[in-house]
Amino acid sequence: MNRSTWYKSLLLVMVLALLYACAEQTPDKVPQLSFEELEPLLHKQNDTVYVINFWATWCKPCIKELPDFEALNKNFSSQKVKVYLVSLDFPNKYEELLLPFIEKNNIKSQVIHLTDTDANKWIDKVSPLWSGSIPATVIYKGNSAEFYETTLTYAELKKIVESKL
């Protein structure tokens, strides 16, 4: 192998390694979970504030508030705050609607696709106050949890999260 070929090969390997190392969560890596798999996320006992928003691509109020959750995720990224966007889109719409939506809107928060469509079995486990409509959000730290079955603004989210930090 001559020196020129060796350098080109090395350069190619370095570029591929860099691309791999810099890869962020891509839409095709959105976890698809049953409620049983998601449920432990609702009960973590540590010093982190968890913001868990239930939404869907077909829900206009949900879509309206997503930028506020994204801003919260960005602005509190250096603190012990985790934002999860739990999509309730139908399982057969995962590739057709959900993944393109995440990519088009450049969603950076952790998205989870809840595949358990029998909401009557798990809604009360999220909150006994939940009627089942969305958007709905749980914000908790340890045993201190609050549930909101309404659209939240960035100012409201910030105030709630700061009260738990």
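Derivation of every value follows stated rules applied to the coordinates shown; laboratory data play no part. Note that the coordinates shown come from a computational prediction; the quantities given were computed from them, not determined experimentally. Cβ atoms come from the backbone with ideal geometry, glycine included; neighbour counts cover every protein chain shown.
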| request: Based on other C-beta atoms within 10 Å, arrange Leu129, Leu41 from fewest to most. | output: Leu129, Leu41
| remark: Going fewest to most other Cβ atoms within 10 Å around each Cβ, Glu70, Glu149 line up as Glu149, Glu70
| field | Cα→Cβ-extended label distance, 7 Å offset, between Lys158 and Asp116, nm | value | 3.5
| Percent breakdown of C-alpha pair distances by 5 Å bin, ordered from the shortest bin, for the range 30-164 | 2, 10, 22, 25, 22, 13, 5, 0
